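Throughout, read-outs are computed from the coordinates displayed, never taken from laboratory work. Quantities reported herein were computed from a predicted structural model and do not represent experimental measurements. Here Cβ is always computed from backbone atoms with ideal geometry, including for glycine, and neighbour counts include all displayed protein chains.
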Amino acid sequence: MSDKYYRSTYLNVDLNAIVSNFQVFQTLHPNKTVMPVVKANGYGLGSIKIARQLMENGAEFFAVATLDEAIELRMHGINAKILVLGVIPTYNINKAIQHRVAITVPSKVWLAEAIEEIPTDNKKDLWLHAKLDTGMGRLGIKDVDEYKEVIDLIQSHDHLVFEGVFTHFACADEPGDSMNKQQAYFEGIVEQVEKPNYIHSQNSAGALMKDSQFCNTVRIGISLYGYYPSEYVKSKVKIHLKPSAQWISEVVQTKVLQTGESVSYGSIYTAKEPTKIGIIPVGYADGYPRMMTGFSVNVNGYQCEVIGKVCMDQTIIKIPEEVNTGDKVILMDHHSDSRQSAEALGRQQQTINYEVLCRLNRRLPRIYHGTQDLEIRNELLK
């Protein structure tokens, strides 16, 4: 990674805010392992730097979605425990062993196939977490008999370690008793056999809304970065989270559209009167999609409308006379009540704050605040 960048569009990432959110959950769930979820490049904000900062502040166990993400962390010095939440191809099981990564077991069939791939002379441990499907309908074991068979199969092989069991809630961020029903189903299965070292069901919403003494681990994803899983959850809790990301750009050119002149592809915006516009170097290739047309950005406190179609690399905004070339533009702000909050962007994009963050492209330089010295990560200049 380079510590240099040569464009005026970038992300500010507040590491102090992320550490503070991590500590909120440590306080909320004392005597439990708080497992930061840093999949999808740390929800778009940079998994490597975030994992390092959290390790320095007590994090001992991370979760990712893929084996590639786990190996990336290992290659950059993250030596804490790592769990891959998704299913890895069984023929790659030895890579998991090589990199000391814990793996999800979704079924007995998968486990049997994976065991066939492990050399008979293997002397290294492989940590396994059984996934139970308690209502999400995705990955996982649905009945206690298969769960028992999976445990028996693990324990019949040297160097296979039954380390954990977990499930995932489908509706923890919505009203209703779905989460409680799933938790009861989960407990009913897990109680029938030997318990492993790590038992986890609560995601961000579950950890904010519920204190399950049955579990000893909580997985924190979206809320680690300072965002509530939904408006419903936010309205039900008194816990303060600190948003950690701010997306900045700059006006690189201004001009005046005369009456009847149009801008951008398809000429969908035509000036009805002389109109000053600004060009900002950000587009859908960065994670600012075409549906942002009609939204506003903040330039020196002015709410400036996005006009015309958002391009791959550039966006046009309508600006007042007071705005000039070189003025900073806030595309996404790190205040939850801002008109440019991640939630506001999500509403414009007809999606959720999770997806807004995950759309942030790796070509955006990330500037990390909160370390002793300002750090810059530019993945294009390696």
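Volume per residue for segment 82-170 equals 82 cubic angstrom (convex hull of Cα atoms). Each of G206, G301, T134 was placed along the dipole of the chain (beta-carbon charges, centred on the mean Cα), and the one lying farthest toward the positive end is G301.
Modelled label positions at D145 and E194, each set 7 Å beyond Cα in the direction of Cβ, lie 2.3 nm from each other. Coordinate range of the alpha-carbon atoms in segment 245-377 per principal axis, descending: 51, 30, 28 Å.
Phi angles across segment 88-99 convert, under the Karplus curve 6.51 cos²θ - 1.76 cosθ + 1.60 with θ = phi - 60°, into 3J(HN,Hα) values of 9, x, 4, 6, 9, 4, 6, 5, 5, 5, 4, 9 Hz, Gly and Pro given as x.
The mean sequence distance of close C-alpha pairs (under 8 Å, at least 6 residues apart), as a share of the length of segment 245-377, puts its relative contact order at 25 percent. Using the structure shown, select from K32/K210; K276/K328; K32/K236; K148/K181; K4/K309; K234/K309 the pairs with a Cα to Cα distance greater than 24 angstrom. Distance filter (> 24 Å) returns K4/K309; K234/K309. Relative contact order of the chain: 19 percent, from C-alpha pairs under 8 Å at least 6 residues apart in sequence. Just the number, please: percent antiparallel of the DSSP beta bridges in the chain, rounded to the nearest 5. So the antiparallel bridges amount to about 50 percent of the total.
Overall, the anisotropy analysis places segment 32-225 in the oblate class: the square-rooted eigenvalues a ≥ b ≥ c of its C-alpha gyration tensor yield a/c not less than 1.5, with a/b not exceeding b/c.
Scan around V37 for amide H atoms under 5 Å from its own, H built in the peptide plane at 1.01 Å from N, and keep only partners 5 or more places away or cross-chain. Placed amide hydrogens put A63, I220, G221 under 5 Å from V37.
Which shape class, rounded, prolate or oblate, goes with segment 324-376 when its Cα gyration tensor gives a ≥ b ≥ c as root eigenvalues, a/c under 1.5 marks rounded, and past that a/b bigger than b/c marks prolate? In terms of gyration-tensor shape, prolate. Since only L241, G176, P196 are under comparison, the one whose Cα sits farthest along the positive direction of the charge dipole of the chain, derived from C-beta charges on Lys, Arg, Asp and Glu, is L241. Legend: calculated FRET efficiency, R138 to Q253, from the Cβ-Cβ distance at R0 = 51 Å, rounded to 0.05, equals 0.60.
Coupling constants for segment 182-197 follow from the phi torsions by the Karplus curve (6.51 cos²θ - 1.76 cosθ + 1.60, θ = phi - 60°), and in residue order they are 5, 4, 5, 5, 4, 5, x, 6, 5, 5, 7, 9, 4, 8, x, 5 Hz; glycine and proline get x. Report the one residue of I279, V323, Q350 whose Cα lies farthest in the direction of the positive end of the charge dipole of segment 245-377 (charges on C-beta: Lys and Arg +1, Asp and Glu -1; origin at the Cα centre). Result: Q350, furthest along the dipole toward the positive end.
When semi-axes √(5λ) of the Cα gyration tensor in Å is calculated directly from the model, which label among [x] 44, 22, 19; [y] 30, 27, 21; [z] 36, 22, 21 fits? This structure yields the entry labelled [x]. For the chain, the mean residue ellipticity at 222 nm estimated from helices alone is -7500 deg cm²/dmol, where every DSSP H run of n ≥ 4 contributes -39500 (n - 2.57) and the total is divided by all residues, rounded to the nearest 500.
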